1. Applying the selection to the range 173-198, what residues are farther than 10 Å from Gly97 by Cα, touching a residue at least 40 places away in the same chain (Cβ under 8 Å) and in a loop (DSSP other than H, G, I, E, B)?
2. If I filter the range 36-52 for residues that are assigned to a loop (DSSP other than H, G, I, E, B), modelled with pLDDT under 95 and within 25 Å of Trp229 (Cβ to Cβ), do I get at least one hit?
3. Within the range 6-33, take every residue that is at pLDDT below 80 and surrounded by 14 or more Cβ atoms within 10 Å (Cβ to Cβ) and give me the one that is farthest from Ile156 (Cα to Cα).
4. May I ask you to list the residues in the range 179-197 that are crowded, with 19+ Cβ neighbours inside 10 Å and touching a helix residue (DSSP H, G or I) at 6+ places or on another chain (Cβ under 7 Å)?
5. In a strand (DSSP E or B), under 11 Å from the mean Cα position of the chain (by Cα) and surrounded by 23 or more Cβ atoms within 10 Å (Cβ to Cβ): which single residue out of Gly203, Gly153, Gly213 fits that description?
6. So which residues in the range 216-226 are of a type outside the set (D, E, K, R) and in a loop (DSSP other than H, G, I, E, B)?
7. Is it true that some residue in the range 86-101 is surrounded by 24 or more Cβ atoms within 10 Å (Cβ to Cβ), in contact (Cβ under 8 Å) with a residue 24 or more places away in the chain and on the phi > 0 side of the Ramachandran plot?
8. For the range 73-129, which fully contained strands (runs of 3 or more DSSP E) count at least 2 residues that are among the small types (Gly, Ala, Ser)?
Amino acid sequence: MSNDYARVQSIALEAGEIALNHFRTLSTLDVEAKGPLDLVTAADREVEAFICAEFSRAFPDDGVFGEEGSAIPSRSGRTWVIDPIDGTFNFVRGSDGWGISIGLFERGRPVFGVVNTPVRGELFAGGDGMAASLNGTPLPPLRPFNRACAALGVGIHPSVPKDQGLRTIGQVMNDLDVAFRITGSSVISLIDIAKGAVDGYLGRSIPCWDILGMLPALAQLDVNTTIDWEKAGLSGKLDFVCGTPELIELAEVCLRPGTI
């Protein structure tokens, strides 16, 4: 398995070079709208096609499930979940807040993941049998939760009606009374947890490919989620909290029936 993990990290780095080539020529990049503030580019499609081709060679019995439509049935029980560029809006605006996310879903849960943020030069990895790492160096334990300076990342998918999105922000500001950060990318928000910049993340209607690359590494840092994967599967949109146990206890009130 360790060889598999190393190969996936190598593929993520190669995919990052493809994305960077597009990023350096943004003025000529074709951009399409899948919905309000929900974009797709030639870079997304090329990166996903590259990763799928590499996985077909490296793991021919494994399945693939990608944001841009890749769907290869699994014969092994393992499925690789791909977001070729999480944070496409950030990407097309020239921000460094985007990443290539690859997560392994097996036995009904995320077990390993890799996230490459090419502009930042950061490669995160971790999962079952592999400590969470940044560029090959183990990440330190997270600092103890401190309510006085708690911070929460918030992600609201563009498909969420505006009134519901505003209600969520209002809950964070008024009911939780914590600082909040909106990065425009779920995977970047999860990276912020790993770096200690925030204590957790509240996601509204988030697809699995946005988060599966980073969740297994976070689990190695004792970061949990409220996601019930047996019920959610890979096809649904997720309302969840991810973070330290103290943060989850504080923030999951935002997910109670009647509040979303």
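1. Selection gives Val178, Gly196, Ala197, Val198.
2. Our first condition is that a residue be assigned to a loop (DSSP other than H, G, I, E, B); within the range 36-52, this holds for 36-37.
After this cut, where a residue has to be modelled with pLDDT under 95 as well, the list is 36-37.
Next, from what is left, pick out any that are within 25 Å of Trp229 (Cβ to Cβ): none.
Looking through the range 36-52, none of the residues is assigned to a loop (DSSP other than H, G, I, E, B), modelled with pLDDT under 95 and within 25 Å of Trp229 (Cβ to Cβ).
3. Taking the range 6-33 first, the residues at pLDDT below 80 are 27-33.
Restricting the remaining residues to those that are surrounded by 14 or more Cβ atoms within 10 Å (Cβ to Cβ) gives 29, 31.
Numbers: Leu29: 26, Val31: 21 Å.
My answer is Leu29.
4. Thr183, Ser185, Ser186, Val187, Leu190, Ile193, Ala194
5. Values: Gly153 fails: under 11 Å from the mean Cα position of the chain (by Cα); Gly213 fails: in a strand (DSSP E or B).
Result of the check over Gly203, Gly153, Gly213: Gly203.
6. If the condition is that a residue be of a type outside the set (D, E, K, R) and in a loop (DSSP other than H, G, I, E, B), then Leu221, Val223, Thr226 are the ones that fit.
7. Yes.
8. In the range 73-129, the matching strands (runs of 3 or more DSSP E) lie at 99-106, 122-127.
The values are calculated or read from the model by the stated rules, or taken from the named source; none is laboratory data. None of the values given here were measured: they were computed from a predicted structure. Because the Cβ atoms are built from the backbone with ideal geometry, glycine has one as well, and the counts that use them run over all protein chains shown.
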